[in-house]
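Working notes, structure below.
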Amino acid sequence: VSLSTNAAGADFVPPAPIFLPEGPWKLVPGGVTAAKGFKAAGMYGGLRAKGEKPDLALVTCDVDAIAAGSFTTNVVAAAPVVYCRHVLDISTTARAVLINAGQANAATGDAGYQDVIECASAIAKLLQLRAEEVLIESTGVIGHRIKKEALLNSLPKLVSLLSPTVEGADSAAVAITTTDLVSKSVAIESKVGGVDIRVGGMAKGSGMIHPNMA
Amino acid sequence: TMLGVITTDATVTGDIWRKMVQIAVNRSFNQITVDGDTSTNDTVIALASGISGSTRISSLDSDEAQQLQACLDAVMQGLAKSIAWDGEGATCLIEVTVTGANNEMEAAKIARSVASSSLAKAAVYGRDPNWGRIACAAGYAGIPFNPNELCISLGDIQLMDGGQPLPFDRAAASAYLRQAGEIHGTVEIHISIGSGEGRGRAWGCDLSYDYVKINAEYTT
């Protein structure tokens, strides 16, 4: 099934065709913002090596969301992976996910871990949350520290762009891409116990793909 | 690297949500492959707001849990397949379905072994219905099965049955692969290894010259 949406950011990468399995659900627009309580945004923060494709995304929840994570089992785990595993060890809920493309913040040692802490604290302050309510994902070149100044300087505008709309979800889905030729975003509506619920998501990935997450 | 963010407004307890998410990840993202490289950054974060007001799910066995699990599996599979479809240099998505195994895990492992095979991927790119490479990749998956029960089909074209290679229309099989490549469609590989109940799927893509070109230039 292919979603022909006029995805925000589509001038950078068009939306992927989504091959959903058959089932008691219907496709709805909106990706991560389709479910109630979620907002998203994507913008160009100056992190990519070249071009001005959006490279910074934020997904927030209006309430304490029950949180789960599944992470690479590669022992050279990136700093954001180590950070998220720690946060989800001490907390069952979260309120936001900050995602950057451009640099993976992997193989960056203690300095890279410090960068994650600073980014989580900065976005938490702007959202009036505690740092441990924020989760972080990074993707891009391994071995390079994130362009932290550019990222931190972009956060106020990123927060101001947060929106519960389809455009918010679509721009976030574009902002997390790296070598992807398409953005990946989908949402469905179904019934659980007779009540309408929605499940949505976005993803990225095109190379270095053989996930073994746990 | 693959990243994912999943959101829902269903109501679920923390420990059950974590179990459901891992089950769905194992049926989706952990069943895709493009190049066999497991990234340092692979992450899926899943958040449940509960704002729908649906029944609070606190057990995996309830009907509500099965309904939410099915939705979670579907969304993650849709996203996971789009990642494999968009593999670097890919011209088509490869969907490998394995049946007849002892259980879901064993079927999934064989399916992913075939989807990961560089030789099988290159054969698809060369539009070569090379059943031997498919049989080989199934054989080294680490799951024992009777090779005399191995059946392999490419789309609707059966290439092997009961462990015996079949005479087949090579031009038609090659045309099937070429057409999929021309529309960036899906090549379906069906494998049966016996009469067990276990079935599993994996998704990958063909291996083209562009994969090397892209990665020779995208350096650290």
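A short reminder: the numbers here are calculations on the coordinates, not readings from a lab. The structure presented is a predicted model; accordingly, all values stated were derived computationally and were not measured. Note: ideal-geometry Cβ built from the backbone for every residue, glycine included; neighbour counts use all protein chains shown.
Please list log₁₀ I(q)/I(0) at q = 0.26 Å⁻¹ for the stretch A:111-191, using the Debye equation with identical point scatterers on the alpha-carbon positions.
-1.37
Of the options A:Ala67, A:Ala78, A:Gly46, report the single residue whose Cα projects farthest towards the positive end of the charge dipole of the stretch A:34-101 (beta-carbon charges: Lys, Arg +1; Asp, Glu -1).
Toward the positive end, the furthest listed residue is A:Gly46.
Can you compute the helix-only [θ] at 222 nm over chain B? Use -39500 (n - 2.57) per DSSP H run of at least 4 residues, normalise by all residues, nearest 500 deg cm²/dmol. Before the final figure, lay out each step's value.
Working: 7 runs with 88 residues, N = 220.
When only DSSP H runs of four or more count, the value is -12500 deg cm²/dmol.
How far apart, in nanometres, would the label points at B:Glu149 and A:Val76 be if each is projected 7 angstrom from Cα along the Cα-to-Cβ direction?
4.1 nm
For the stretch B:3-104, build the convex hull from the C-alpha positions and give me its volume per residue in Å³.
On the way: hull volume 12.8 nm³, N = 102.
Per-residue hull volume (Cα only) is 125 Å³.
Calculate how steeply helix A:79-90 sits against the longest principal axis of the alpha-carbon atoms of chain A, using the helix alpha-carbon long axis, and give the answer as 0 to 90 degrees to the nearest 10.
Computed tilt is about 70 degrees.
Can you give the calculated 222 nm mean residue ellipticity of chain A, where each DSSP H run of n ≥ 4 adds -39,500 (n - 2.57) and the sum is split over every residue, rounded to the nearest 500 deg cm²/dmol? Mind showing how you got there, number by number?
Details: 4 runs with 54 residues, N = 214.
Value at 222 nm, helices only: -8000 deg cm²/dmol.
Suppose every K and R has +1 on its Cβ and every D and E has -1 on its Cβ; what is the size of the dipole of the protein assembly as shown about the Cα centre, in Debye to the nearest 20?
Values: 33 positive and 44 negative charges, 109 e Å.
Dipole size: approximately 520 debye.
Give A:Lys26/B:Lys109; A:Lys204/B:Lys19; A:Lys36/B:Lys109; A:Lys26/B:Lys121; A:Lys157/B:Lys213; A:Lys204/B:Lys109 a once-over and call out the pairs whose C-alpha atoms are over 25 Å from each other. Walk me through the intermediate numbers first.
Values: A:Lys26/B:Lys109 30 Å; A:Lys204/B:Lys19 23 Å; A:Lys36/B:Lys109 36 Å; A:Lys26/B:Lys121 33 Å; A:Lys157/B:Lys213 37 Å; A:Lys204/B:Lys109 23 Å.
Over 25 Å Cα-Cα: A:Lys26/B:Lys109; A:Lys36/B:Lys109; A:Lys26/B:Lys121; A:Lys157/B:Lys213.
When the convex hull of the Cα atoms of the protein assembly as shown is projected onto a plane and the area is averaged over all directions, what value comes out in nm²? Intermediate values should be presented prior to the final figure.
Values: hull surface 76.4 nm².
Mean projected area for the protein assembly as shown: 19.1 nm², to one decimal.
Nearest-5 percent of antiparallel DSSP beta bridges in chain B?
Details: 17 of 32 bridges.
Of those bridges, close to 55 percent are antiparallel.
In chain B, if the dipole is taken from +1 on Lys/Arg beta carbons and -1 on Asp/Glu beta carbons about the Cα centre, which of B:Trp131, B:His190, B:Gly4 is farthest to the positive end?
Ranked along the dipole, the leading option is B:Trp131.
How far is the Cα center of the stretch A:179-214 from the Cα center of the stretch B:1-46, in Å?
Using only Cα atoms, the two centres lie 9 Å from each other.
Among DSSP beta bridges lying fully in chain A, give the percent that are antiparallel, nearest 5.
Details: 27 of 36 bridges.
If we restrict to bridges inside chain A, about 75 percent are antiparallel.
Could you list, bin by bin from short to long, the percent of Cα-Cα pairs of the stretch A:1-129 in 10 Å steps?
Going out from 0 Å in 10 Å bins, the stretch A:1-129 shows 10, 33, 37, 19, 2 percent.
Evaluated at 10 °C with a viscosity of 1.306 mPa s, what Stokes-Einstein diffusion coefficient in µm²/s does the stretch B:117-211 have when Rh comes from the Kirkwood expression over alpha-carbon pairs?
On the way: Rh = 13.9 Å.
It comes out at roughly 115 µm²/s.
What's the FRET efficiency of A:Glu118 with A:Leu27 using the Cβ-Cβ distance as r and R₀ = 35 Å, to the nearest 0.05?
0.35
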